[in-house]
1. Over the chain, what is the mean sequence separation of C-alpha contacts under 8 Å (at least six apart), divided by residue count, expressed as relative contact order in percent?
2. Which three extents, in whole angstrom, do the alpha-carbon atoms of the range 177-239 cover along their principal axes, largest first?
3. Just report the Cα centroid separation between the range 85-131 and the range 9-79, whole Å.
4. If packing is taken as the average count of other Cβ atoms within 10 Å, what order do 183-193, 226-236 fall into, highest mean first?
5. The chain: Rg/Rh from Cα coordinates, Kirkwood Rh?
6. Could you work out the local net charge near PRO127, counting Lys and Arg as +1, Asp and Glu as -1, over the other residues with Cβ closer than 10 Å to its Cβ?
7. In nm, give the distance between the simple-model label positions of ASP10 and ALA197, each being 7 Å from the Cα along the Cα-to-Cβ direction.
8. DSSP H helices in the chain with Cα extent of 18 Å or more along the helix axis and mean Kyte-Doolittle hydropathy at least 1.6?
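Each value in this text was obtained by applying a stated rule to the coordinates, not by laboratory testing. Please read all numbers here as calculations on a predicted model, not as lab measurements. Here the Cβ is made from the backbone with ideal geometry for all residues, glycine too, and neighbour counts use every protein chain on show.
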Amino acid sequence: MGPRITGDHDALLRVPAPAPGAGVRLVCCPHAGASAAAFAAMAVAVPSTIEALCVEYPGRGGKRGAGIGDIGEVADRICAEVLDRGDVPVAVYGHSMGAAVAFEVTWRLEQEGAEPTRLFVSGRKAPSTALELALPGNEDIVAELRALGGIPPRILGRPAFRDMIVSVVRNDYRANLAYRAAPERVVRAPITFLLAAGDPYVDVEAARAWTRHTSAELRVTRFPGDHFFLRDHLAEIVDEIVRGVQVRAM
């Protein structure tokens, strides 16, 4: 691992709702193309016993860079920042591409002697499973960004800004498609897979395949909704996270 990054300008971790007395920190890794703001609502919704550390990937939020170049490299940086924050217990959550990032962060924390209480993932196949997806074209990326509504239409309507944003998102997608962990890479933390019934990218079988990557238990919890079910089922997801963290702590 490289040197730990503590400067505010370079830091990847954001704390939308500081909770100084929290007993657990929850590292939240967003999907491809997203920023730390994707977990802002969750940061507020979790109880004060949990402090959310939301990841701001390179190339967004005023940060330098053209998106994620390598999942492992960004996981190195996140792990270093988590360790720099002290020995408060940590849980990790990642959605879609963020699930791969979260898995790598959890593995790295364990290699450094930290023991995350639980790994929560959703929206992605197991780390050693090929995604078998094509890299989307620019128009497809713009259409998805418009559908998600995270970027104002006036920004997407300006070619210079749109091209910059599309470049960052494309690099995220490329890194996600290129990532594939070794089959023998396993974390000691138990895993909870949050499975949306209508997610076109993951079914029950794919969710259960995550059991190959933990030496502890795998819990699959089902929710209604599609790939972005987090927006409509936040309260239920927070309940599952609180329950998962407490089960490990007992």
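1. Across the chain, relative contact order equals 19 percent.
2. Per principal axis, max minus min of the Cα coordinates gives 35, 27, 18 Å.
3. If we compute the Cα centre of each part, the gap is 13 Å.
4. 183-193, 226-236
5. Ratio value, two decimals: 0.94.
6. Result for the local shell: +4.
7. With each label placed 7 Å out from Cα toward Cβ, I get 4.8 nm.
8. Helices meeting the criterion: none.
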